[in-house]
1. Take segment 95-140 and flag every residue that is under 22 Å from Trp19 (Cα atoms), part of a loop (DSSP other than H, G, I, E, B) and either touching a Phe, Trp or Tyr at 6+ places or on another chain (Cβ under 9 Å) or touching a residue at least 12 places away in the same chain (Cβ under 8 Å) (or both).
2. Consider segment 2-30. How many of its residues are part of a loop (DSSP other than H, G, I, E, B) and in contact with a helix residue (DSSP H, G or I) (Cβ under 6 Å, 6 or more places away or on another chain)?
3. Which residues, taken from segment 47-78, are under 18 Å from Ser107 (Cβ atoms), of a type in the set (D, E, K, R) and in a loop (DSSP other than H, G, I, E, B)?
4. Yes or no: segment 37-45 includes at least one residue that is at pLDDT 95 or above, more than 18 Å from Val103 (Cα to Cα), of a type in the set (Ser, Thr, Tyr) and surrounded by fewer than 22 Cβ atoms within 10 Å (Cβ to Cβ).
5. Please go through segment 82-96 and pick out each residue that is surrounded by 14 or more Cβ atoms within 10 Å (Cβ to Cβ), of a type outside the set (Ser, Thr, Tyr) and within 17 Å of Gly71 (Cα to Cα).
Amino acid sequence: MSRAINEATALQAQGKKVWCVPFARNASGVDIRGNANTWWHQAASLDYGRATEPHVGSVMAFSGTRSLPMGHVAVVSKVLSEREIQVDHANWYPSQISMGMYVVDVSKKNDWSAVRLQSQPDALGSVYPVDGFILPNRGS
């Protein structure tokens with residue numbers, strides 16, 4: 001995680017954009033390139049394990065949507081309960097790092113296919129679709 005934070009901090013100091021993909025790659029060790037909305041399918045072809053439930057260190061892969069056309073990726077930092085986690089990620093707010101952001105599963109089947117994030121204190125944001133969780137070890 002320190003590598004991800006150090007790299008993002010260096011980019012911020014240079015006035016450069018901090019993106020979710022390099023942050024998640026550096027924080028998790030999941031070595032996938034390209035837009036976040038391609039990670040879920042790439043993970044299978046690169047022999048990374050994929051799961052429908054969160055694991056600490058796994059990458060939550062958000063689907064591409066109208067509001068997130070390139071998708072988004074975040075690293076699970078803590079599992080709080082069967083339906084609640086915390087994530088570390090970058091660029092949820094432009095060029096910022098967000099650590100320990102609260103996330104709740106709001107899917108109808110309780111399968112983590114739809115989540116809401118606590119982007120503001122005491123308030124959950126919009127519902128976002130999630131493809132799943134990419135495990136950090138290949139062949140998992």
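The values are calculated or read from the model by the stated rules, or taken from the named source; none is laboratory data. Keep in mind it's a predicted model, so treat the numbers as computed, not measured. Because the Cβ atoms are built from the backbone with ideal geometry, glycine has one as well, and the counts that use them run over all protein chains shown.
1. Of everything in segment 95-140, those that are under 22 Å from Trp19 (Cα atoms), part of a loop (DSSP other than H, G, I, E, B) and either touching a Phe, Trp or Tyr at 6+ places or on another chain (Cβ under 9 Å) or touching a residue at least 12 places away in the same chain (Cβ under 8 Å) (or both) turn out to be Ser95, Gln96, Gln118, Ser119, Ser126.
2. Initial filter on segment 2-30 (part of a loop (DSSP other than H, G, I, E, B)): 14-19, 29-30.
If we keep only those that are in contact with a helix residue (DSSP H, G or I) (Cβ under 6 Å, 6 or more places away or on another chain) as well, we get 18.
Looking only at that region, the number is 1.
3. Glu53
4. Among the residues of segment 37-45, at least one is at pLDDT 95 or above, more than 18 Å from Val103 (Cα to Cα), of a type in the set (Ser, Thr, Tyr) and surrounded by fewer than 22 Cβ atoms within 10 Å (Cβ to Cβ), which makes the answer yes.
5. Listed by number, the residues that qualify are Val87, Asp88, His89, Ala90, Asn91, Trp92.
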